[in-house]
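**Student:** Sharing a structure here in structure tokens format.
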Amino acid sequence: LFDEPLSNLDAELRVQMRVEISRLHKELGVTMIYVTHDQTEAMTLADRIVVLKAGNVEQIGAPLDLYDDPANRFVAGFIGSPKMNF
């Protein structure tokens with residue numbers, strides 16, 4: 001379980017650590033749960049993403065599936081850069 005592991009790192013070190021975490025994930029071949037509010041981290045590291053709102057699951061899917069076909073307005077507003085305006 002990784003809970004916001006890169007939140008206190010500078011931008012350059014974040015990039016390096018994303019690469020390292022991705023390498024470890026592939027090398028170990030185990031399930032990793034990665035908690036983050038950073039969409040870049042989520043979209044680049046995840047095979048699957050769970051979007052939560054107030055403890056409820058809004059959508060589960062591959063990063064591009066969430067981006068291309070959000071389940072609802074919350075997911076649509078949360079995913080993407082820049083964020084959607086409603």
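**Student:** Determine if the stretch 42-61 includes at least one residue that is over 24 Å from residue 75 (Cα atoms) and surrounded by 12 or more Cβ atoms within 10 Å (Cβ to Cβ).
**Tutor:** no
**Student:** Filter the helices (runs of 4 or more DSSP H) completely within the stretch 14-86 down to those with at least 1 residues that are touching a Pro at 6+ places or on another chain (Cβ under 6 Å).
**Tutor:** The qualifying helices (runs of 4 or more DSSP H) are 39-45, 73-78.
**Student:** Could you run through the stretch 20-41 and say how many residues are over 25 Å from residue 53 (Cβ atoms), exposed (fewer than 11 other Cβ atoms within 10 Å of the Cβ) and not charged (D, E, K, R)?
**Tutor:** Matching residues across the stretch 20-41 total 3.
Here, each number is a calculation from the coordinates, and none is a lab measurement. All values reported here derive from a predicted model rather than from experimental measurement. Glycine gets a Cβ as well: all are built from the backbone with ideal geometry, and neighbour counts include every protein chain shown.
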